[in-house]
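Here's the structure we're looking at; comments come further down.
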Amino acid sequence: TNVWRLLRRKAALCPDNTWSLMGLGDIISQQLVERRGLQEHQRGRTLTMMSLGCGFVGPVVGGWYKVLDRFIPGTTKVDALKKMMLDQGGFAPCFLGCFLPLVGALNGLSAKDNWAKLQRDYPDALITNYYLWPAVQLANFYLVPLHYSFLSSTVFSCSLGWPVVQLCSVIWTLYLSWMS
């Protein structure tokens, strides 16, 4: 019951569900990919990913979508393509360059170790990003109105029948959690 109260309080502080998607991605990573088992599950790591979802990923990506929509306000196929190109060509590399060292710092890495880990992991993370997100974002920017566009962290996506972006978000978080 204490965990349930904590989750309800967290939901009140962080109204989108980025925190829960990131927590789920980390749990899947630890249990299915890394096969840690419940005894060896790193609860602190899961809480770190959940906190990052609420305090960093949700606000940054949500704010980016608003800026992107102001910069390119249309909803045509060409507008969606422009948004996806800016998102993947500009935002994604910068976001990963901030996210990975932030996770490293929160996991207690020294500045030197964090820099070495960033140099080692960043190229693979960016390439993997390009396998997953361009097509998802193209569909997201073309088919979904802005107020639902941040589907990777809004509750509305399930009611809209658009669980694909949430699934991609969980898979992406699983990957980032495993990397970190």
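The values are calculated or read from the model by the stated rules, or taken from the named source; none is laboratory data. Being a predicted model, the structure only gives us computed values, none of them experimental. Ideal geometry is used to build each Cβ from the backbone, glycine not excepted, and the neighbour counts take in all protein chains shown. Heads up: the accessible areas ignore ligands, DNA and RNA and are worked out on the full protein's heavy atoms, side chains in. Shrake-Rupley method; radii C 1.70, N 1.55, O 1.52, S 1.80 Å.
All but one of (1) of a type in the set (S, T, N, Q); (2) open to solvent by 20 Å² or more (accessible area, probe 1.4 Å); (3) in a helix (DSSP H, G or I) hold for Gln30; state the number of the condition that does not hold.
Going through the list (1) of a type in the set (S, T, N, Q); (2) open to solvent by 20 Å² or more (accessible area, probe 1.4 Å); (3) in a helix (DSSP H, G or I), Gln30 breaks only (2).
Within the stretch 77-147, which helices (runs of 4 or more DSSP H) (wholly inside it) include 2 or more residues that are closer than 20 Å to Met49 by Cβ?
In the stretch 77-147, 92-106, 111-143 are the helices (runs of 4 or more DSSP H) which contain 2 or more residues that are closer than 20 Å to Met49 by Cβ.
Could you list, in sequence order, all residues of the stretch 56-75 that are of a type outside the set (A, V, I, L, M, F, W, C) and either touching a residue at least 40 places away in the same chain (Cβ under 8 Å) or under 14 Å from Leu21 (Cβ atoms) (or both)?
Hits for the stretch 56-75 are Gly58, Gly62, Tyr65, Lys66, Asp69, Thr75.
Residues in the stretch 41-60: is at least one open to solvent by 60 Å² or more (accessible area, probe 1.4 Å), β-branched (Val, Ile, Thr) and closer than 28 Å to Leu138 by Cβ?
Taking every residue of the stretch 41-60 in turn, none turns out to be open to solvent by 60 Å² or more (accessible area, probe 1.4 Å), β-branched (Val, Ile, Thr) and closer than 28 Å to Leu138 by Cβ.
Just to check your reading of the model, which residue among Leu118, Leu81, Leu126, Leu100 is within 13 Å of the chain's Cα centre (by Cα) and modelled with pLDDT of 90 or more?
When all the criteria are applied, what remains is Leu100.
Got a sec? Which of Thr18, Thr76, Thr46 is within 17 Å of the chain's Cα centre (by Cα) and modelled with pLDDT of 90 or more?
Thr46
Within the stretch 109-125, can you find the residues that are in contact with a helix residue (DSSP H, G or I) (Cβ under 6 Å, 6 or more places away or on another chain) and among the hydrophobic types (A, V, I, L, M, F, W, C)?
Result: Leu118, Ala125.
May I ask you to list pairs of residues, at least six apart or on different chains, whose Cβ atoms are under 7 Å apart, with the first in the stretch 159-179 being on the phi < 0 side of the Ramachandran plot and modelled with pLDDT of 75 or more and the second being among the hydrophobic types (A, V, I, L, M, F, W, C) and loosely packed, with under 14 Cβ neighbours inside 10 Å?
Leu174/Val33; Trp178/Val33
Does Arg36 meet the test of being farther than 18 Å from Phe141 by Cα, surrounded by fewer than 17 Cβ atoms within 10 Å (Cβ to Cβ), charged (D, E, K, R) and at pLDDT 90 or above?
Criteria met by Arg36.
Please go through (1) open to solvent by less than 50 Å² (accessible area, probe 1.4 Å); (2) over 22 Å from Gly44 (Cβ atoms); (3) at pLDDT 85 or above; (4) of a type outside the set (A, V, I, L, M, F, W, C) for Asn140 and return the number of the only condition it doesn't satisfy.
(3)
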